[in-house]
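K.L.:
The structure follows.
All of the numbers you see were taken from the coordinates with simple rules; none came from a lab. For clarity, every value in this text was computed on a predicted model and none was experimentally measured. Please note: Cβ atoms are built from the backbone with ideal geometry, for glycine as well, and neighbour counts cover all protein chains shown.
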Amino acid sequence: MIAKQFRNLPAHVILIVAVIVFAFPVYLAFIGSTWDAGTIGRGAMPLTPGPDFIENYTNTLTSAQGIRAKGVAFQILLWNSLQMALAIALGKIIISVLSAYAVAFFDFPFRMFFFALIFLTLMLPIEVRIAPTYKVMSDLGLINTFAGLTVPLMASATGTLLFRQFFLTIPDEYVEAAKIDGAGPLRFFWSIALPLSRTNIAALFVILFIFGWNQYLWPLLVTTGRELETIVIGIVKLMGTGESQTDWNLIMSGTVLALLPPVLIVILMQHWFVKGLVQTEK
């Protein structure tokens, strides 16, 4: 037993070092959120929490007013980001599940051609599609609207591919039994295909929520007013041109606040997330 423990020691050491490397910047952000901007700007910030915790977080949440910066209250930014991330994640899942179900179970002309077109979009970086997407949103009058912020990001070739591959693993006996019982395509989808894919949906939801929460380029382009700003944009706009001009205490507290929702989603859905990645229910 002791020999086995020593055999696993290098792996544990590597894991501990990796956790420290990844967690230390987050710890620094938290510590910075408890000190005033002057202490951080002078480079005199210790590695222990400071006395301005309540003041910094209250200011960030309610007004985001610093010595130099005048931002938007982070409670508004958090709400905007939460709405956007949920809309993108749920929209992507709904569209992906329906499109994958159609490709996997329906035989219609040019089925694989359309699936190939969907698959080809995986090879196009987001930057290539930004200009035409912006033009479409502008022509539809959706600039600086919630629909313009979320709808273009809902289509997901990755989700369609993953759900199609899963649907193809459903045994043909399930389909035949459903037909014998008189279940139509919609009933089969709702009663059999969708429940079987719930772990995949949960795993994809976590990934897509974080994807939507971290969006920066598209919200920066499509939002022209501060009422629709997301928390990522809010943090960037708090930054100045130099360290001495930057309200680092507000930026640090805003960064910590921005970390909380994705972390909570991962913690609350960890079981389903891991289950959806490592196994397939049938």
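K.L.:
Loop sites only, by DSSP: take the chymotrypsin sites (Phe, Trp or Tyr not before Pro) in the chain that have at most 11 other C-beta atoms within 10 Å and name the longest stretch containing none of them.
P.N.:
Result for the longest clean stretch: 111-282.
K.L.:
For Kirkwood radius over Cα pairs in Å, several values are listed as [x] 22.1; [y] 19.5; [z] 20.9; flag the one computed from this structure.
P.N.:
[x]
K.L.:
Out of A202, A131, A64, any idea which swings most in a Gaussian network model of the chain, alpha carbons joined below 10 Å?
P.N.:
Among A202, A131, A64, the largest GNM mean-square fluctuation belongs to A131.
K.L.:
Now for a different question. Return the aspartates and glutamates within reach of K92: Cα separation strictly under 20 angstrom, same-chain partners fewer than 8 residues apart disregarded; answer none if there are no such residues.
P.N.:
Within the straight-line limit of under 20 Å, K92 reaches these aspartates and glutamates: E127.
K.L.:
Which residue fluctuates most in the GNM of the chain (Cα springs below 10 Å): A11, A258, A116?
P.N.:
A11
K.L.:
Quick one: dipole size for the chain, taken about the Cα centre, charges +1 on Lys/Arg Cβ and -1 on Asp/Glu Cβ, in debye to the nearest 20.
P.N.:
On the way: 17 positive and 15 negative charges, 71 e Å.
For the chain, the charge dipole is close to 340 debye.
K.L.:
Pick out the long, greasy-scoring helices in the chain: whole DSSP H runs spanning 18 Å or more along their own axis by Cα, mean Kyte-Doolittle at least 0.0. It would help to have the intermediate numbers written out before the result.
P.N.:
Numbers: long enough: 9-32 (34 Å, 2.41); 74-105 (46 Å, 1.64); 126-139 (19 Å, 0.09); 198-213 (22 Å, 1.71); 248-268 (30 Å, 2.05).
Qualifying helices, which must be both long enough and hydrophobic enough, are 9-32, 74-105, 126-139, 198-213, 248-268.
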